[in-house]
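Derivation of every value follows stated rules applied to the coordinates shown; laboratory data play no part. It should be emphasised that the depicted structure is a prediction, and the values quoted were computed from it without experimental measurement. Counting neighbours? That spans all protein chains shown, and the Cβs are built from the backbone with ideal geometry, glycine included.
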Amino acid sequence: MSNNYIDAATATWQECHDFLQRHPFAILPLGATEQHGLHLPQNTDSLIAEAIALQVGKKSVGMILPTIPIGYSWVWRDYPGSLTFSFDTLRSVIKDIVVSLDRNRCRALLILTTHGANPQPIKYASRELVDHTSIRVLRAFYPNLSQIITDADSTTWQASNFHAEEFETSLMLYLHPNLVDMTKAVSEYPPYSLDYEMSTLPMGALSESGVFGDATVATVEKGEKWFNRCVANIVQVWSEFLDLPNDESSDLYEIN
C-alpha cells in the first residue's frame, strides 16, 4: 500500500481506516456508458476517468474510490447499449457517496469526471451538500483542456463540446489500444442546430456516426502527451485545493 494513495475497492476496511486517519481525502472517478462511435467502446469515459484518477492519486494524495460507470447520458439514450441516470438520480448518487465518506471522517473529495454532461449534476449536488456535511468537494472535468490540446491536428466540434474524436481516441490509443479499431474511425462535424442549443433535440440526433470531430488523426503519441498534461493539471488544482505542497510542480504543463 502506498503512503499517499489507496484503492478503496481492493483494500480492507482497516487499511481504509488507517489511510483516512493520515490523509482524509478521496478521489471519485465518474464516467459513463454510452456510444463513442464505431471505433471506441461504450465505457471509454469510465476507462479514462479511472486511469487519470489513479495517476492523480499517485502524484498527490487520496483514497481512490471505485469508478461510477454510468453518468448523465440523456443525449445518447436512443443508441442501443447507452445507459443514463436521470439528472436527479446522479445527483442523489453523488450525495449518498459524500454522506458515506463523511461518516468515514473523509474531509475532502475530488470528483473527477471525463463525461461532459456530468459536471452539472455534480455542481448542484455539491451545493446542496454544503449545509449538511463538512466535506469540501472539488469537481474537475479536464481543466484548461483548450490549452492542453493546442497542438491537435483537428478542431473540436464546438469550443467545449467534443465526443469520440481526436482527443478521446488518442487517450484510448495510449491507455487501451486493444479496444480501439482505427479502421472504423471517421471524421464528422455535425451541423449547428438551434434546436440542440436552445430546445430539447438530443445531441445524438445530429450525428450519423456518433463522432463529433475528427477521430482519424488520433495517435498514441498525442494520447500519452495529453494524458500526462491532464493529470498534471488536475494534480495542481487538487493540491492547491488541499493546500498541499505540489512535488510535481517541475513537471506541470505550463498554462499561459
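Give me a comma-separated list of calculated 3J(HN,Hα) values for region 56-63, in order, Karplus coefficients 6.51, -1.76, 1.60 applied at θ = phi - 60°, integers in Hz, x for any Gly or Pro.
4, x, 5, 8, 9, 6, x, 7
Taking only Cα atoms, what is the 0 to 90° angle, nearest 10, from helix 220-242's long axis to the longest principal axis of the chain?
Around 40 degrees separate the two axes.
Quick one: 3J(HN,Hα) in Hz for region 82-88, Karplus 6.51/-1.76/1.60 with θ = phi - 60°, rounded, Gly and Pro as x.
3J(HN,Hα) across region 82-88, in whole Hz: 6, 10, 8, 7, 6, 4, 5.
Starting from region 152-202, pick out the chymotrypsin sites (Phe, Trp or Tyr not before Pro) whose DSSP state is loop and whose Cβ has at most 14 other Cβ atoms within 10 Å.
192
Arrange the following residues from fewest to most other Cβ atoms within 10 Å of their Cβ: 40, 206. The partial results should precede the final answer.
Details: 40 29, 206 18.
With the fewest neighbours first, 40, 206 line up as 206, 40.
Under a cut-off of 25 Å between alpha-carbon atoms, report the lysines in cross-link reach of residue 222, not counting same-chain residues fewer than 8 places apart.
Here the lysines satisfying the reach criterion relative to residue 222 are 58, 59, 184.
To make sure I understand, if each residue's beta carbon is the centre and we count other beta carbons within 10 Å, what order do 39, 17 fall in, fewest to most? Spell out each step's value before the answer.
Working: 39 23, 17 12.
In increasing order of surrounding Cβ atoms, one gets 17, 39.
Taking the beta-carbon count within 10 Å as an exposure proxy, list 179, 54 from fewest neighbours to most. Each step should come with its number before you reach the end.
Values: 179 14, 54 17.
In increasing order of surrounding Cβ atoms, one gets 179, 54.
Add -39500 (n - 2.57) for each DSSP H run of 4 or more in the chain, then divide by its residues: what number comes out at 222 nm, to the nearest 500 deg cm²/dmol?
Details: 8 runs with 96 residues, N = 256.
So the helix-based figure for the chain works out to -11500 deg cm²/dmol.
Using modelled amide H (1.01 Å from N, peptide plane; none on Pro or chain starts), what sits under 5 Å from the amide H of residue 213, excluding residues fewer than 5 places away?
Correct list: 188, 189.
At a threshold of 8 angstrom on Cα-Cα distance, excluding pairs fewer than six apart, so keeping six or more, what relative contact order does the chain reach in percent? If you can, show how the numbers build up before the last one.
Values: 481 pairs, mean separation 54.1, N = 256.
It comes to 21 percent, rounded to a whole number.
Tell me the angle of helix 166-175 to the major Cα principal axis of the chain, expressed in degrees between 0 and 90 and rounded to the nearest ten.
Once rounded, the angle reads 50 degrees.
Under 5 Å between amide H atoms, partner at least 5 residues away or on a different chain: which partners does residue 139 have, H built in plane at 1.01 Å?
Counting only residues 5 or more places away or on other chains, the set is 111.
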